[in-house]
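Working notes, structure below.
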Amino acid sequence: MKFADKMKLYRYQKGWTQQDVAERLLISRKTISSWENGRSYPDIFMLVQISDLYHVSLDDLLREDHEMINNYKEEHTMNKRVDKIFVLCYFLNIIGAVVIVLKPILPFLSNYLPKPVFTIISFVIVSGFIILVSYADWSKIKNKPGF
């Protein structure tokens, strides 16, 4: 049985409406509808709350729904890719900032790095800064070594 069907079944067994479930989970009714129609899936933290609400194990909720499991695998792969891009931008910003700060202090940098290179470095720093500012999951990165 798919996750969406299990959500409906457990809700019907309790005699609840989608609105009742939404209020108990502190989310919108449309989100419940989306889960029950298979258009989207809850995140792992919400799955725990759902299993507590219906008094079923996570294993019972997830078993047999290979589409949902594949969705979580794909999401995990995407998160790893985003984290790599974030770390790359972070270090490019640091290197670029050091080069720009050292340019006036170390005159030989001006001889080896022409003006277009500094323009490119400035562009990379601004682009990287925008990515860093828009990075949504700072709590994950702050616990990594070196940050």
Inter-centroid distance (Cα atoms) of the range 4-27 relative to the range 49-89, Å: 21 Å
Most positive-pole-ward Cα, Ile50, Met7, Gln19, against dipole of the range 1-66 from beta carbon charges: Gln19
Contour minus Cα-Cα distance for Thr119 and Phe45 (0.36 nm per residue): 22.2 nm
³J(HN,Hα), Karplus 6.51/-1.76/1.60, whole Hz, each residue of the range 47-63, x for Gly, Pro: 4, 5, 5, 5, 5, 5, 4, 8, 6, 10, 7, 4, 4, 5, 5, 8, 4
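When a/c is below 1.5 the answer is rounded, else prolate if a/b is larger than b/c, else oblate, so apply that to the range 3-64 with a ≥ b ≥ c taken from the square roots of the Cα gyration tensor eigenvalues.
Since a/c stays below 1.5, the shape of the range 3-64 is classed as rounded.
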5 angstrom amide H check on Val56, placed H, neighbours 5+ away: none
Simple Cβ-charge dipole of the range 3-64, Lys/Arg +1 and Asp/Glu -1, about Cα centre, in debye nearest 20: 240 debye
Whole-Hz ³J(HN,Hα) from phi, Karplus 6.51 cos²θ - 1.76 cosθ + 1.60, for the range 10-23, glycine and proline x: 5, 5, 4, 4, 7, x, 9, 8, 4, 5, 4, 5, 4, 5
Backbone HN-Hα couplings from phi across the range 74-85 [Karplus 6.51/-1.76/1.60, Hz, Gly and Pro as x]: 5, 5, 5, 4, 5, 5, 5, 5, 5, 4, 5, 4
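The numbers here are math on the coordinates, done by the rules we state, and not lab data. A quick note: this is a predicted structure, and the numbers were derived from the prediction, not measured. When we count neighbours, we look across all protein chains shown, and the Cβ atoms used for this are built from the backbone with ideal geometry, even at glycine.
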